[in-house]
1. Within the set of pairs 6 or more residues apart or between chains, which connect a residue that is free of Cβ contacts under 8 Å to residues at least 24 places away in the same chain and under 15 Å from Gly64 (Cα atoms) inside segment 30-41 to a residue that is hydrophobic (A, V, I, L, M, F, W, C) and crowded, with 16+ Cβ neighbours inside 10 Å with Cβ atoms less than 9 Å apart?
2. Which residues, counting only those in segment 24-52, are over 14 Å from the mean Cα position of the chain (by Cα) and among the polar types (S, T, N, Q)?
3. Considering only segment 7-31, how many residues are out of contact with any strand residue (DSSP E or B) (no Cβ under 6 Å at 6 or more places or on another chain) and among the basic types (Lys, Arg)?
4. Please go through segment 30-52 and give me each residue that is out of contact with any Cys (no Cβ under 9 Å at 6 or more places or on another chain) and surrounded by 19 or more Cβ atoms within 10 Å (Cβ to Cβ), ordered by number.
5. Is there a residue being under 13 Å from the mean Cα position of the chain (by Cα) and at pLDDT 80 or above anywhere in segment 69-79?
6. Can you say whether Leu72 is touching a residue at least 12 places away in the same chain (Cβ under 8 Å) and not in a strand (DSSP E or B), as far as the supplied structure shows?
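The values are calculated or read from the model by the stated rules, or taken from the named source; none is laboratory data. Keep in mind it's a predicted model, so treat the numbers as computed, not measured. Every residue, glycine among them, receives a Cβ derived from its backbone with ideal geometry; neighbour counts consider all protein chains shown.
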Amino acid sequence: MSSTKADLLHIGVGGHVVAIDPRTGDEVWRMKLKTSATVTIHRVGARLFAGANGELYCLDAATGNPLWHNKLPGLGLGIVTFGTDTDVVAVAAALAQQASRGAAAG
């Protein structure tokens, strides 16, 4: 059974975003963003956001076609990070656990 476009695994490596079929390991598409840059990615529905060398890209998650690009002028060439609801939940849980430990010890 082949994967649907919604099932693709997206990775960022070596200045590229690559879509992999998780069932077979086959490459479905590849999009070059920057040369030798760390690429961070975050998927929201049918859009894939990728950060590379201080710039932000929006790609179609199924095809890799670029939808838009923002150079984020004035912000440098650092790693672009993405916040998610999952991150917020994990941080809140860790803080609650720390508070609970502190109350128990106090």
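1. Close Cβ pairs satisfying both conditions: Lys32/Val17; Lys34/Ala52.
2. Thr24, Thr35, Ser36
3. Residues flagged as out of contact with any strand residue (DSSP E or B) (no Cβ under 6 Å at 6 or more places or on another chain) and among the basic types (Lys, Arg) within segment 7-31 amount to 1.
4. First, the residues of segment 30-52 that are out of contact with any Cys (no Cβ under 9 Å at 6 or more places or on another chain): 30-46, 51-52.
Once the filter is applied, which keeps residues that are out of contact with any Cys (no Cβ under 9 Å at 6 or more places or on another chain) and surrounded by 19 or more Cβ atoms within 10 Å (Cβ to Cβ), segment 30-52 yields Met31, Leu33, Ala37, Val39, Ile41, Gly51, Ala52.
5. Looking only at segment 69-79, we keep the residues that are under 13 Å from the mean Cα position of the chain (by Cα), and these are 79.
Right, trim to at pLDDT 80 or above and you get 79.
Yes; the residues of segment 69-79 include at least one that is under 13 Å from the mean Cα position of the chain (by Cα) and at pLDDT 80 or above.
6. Numbers: touching a residue at least 12 places away in the same chain (Cβ under 8 Å): yes; not in a strand (DSSP E or B): yes.
Yes.
Quick grid of which residues meet (1) out of contact with any Gly (no Cβ under 8 Å at 6 or more places or on another chain); (2) part of a strand (DSSP E or B); (3) closer than 17 Å to Gly83 by Cβ; (4) at pLDDT below 95:
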position: Ser3; (1), (2), (3), (4): yes, no, no, yes
position: Ala19; (1), (2), (3), (4): no, yes, no, no
position: Pro22; (1), (2), (3), (4): yes, no, no, no
position: Thr35; (1), (2), (3), (4): no, no, no, yes
position: Thr40; (1), (2), (3), (4): no, yes, yes, yes
position: Arg43; (1), (2), (3), (4): yes, yes, yes, yes
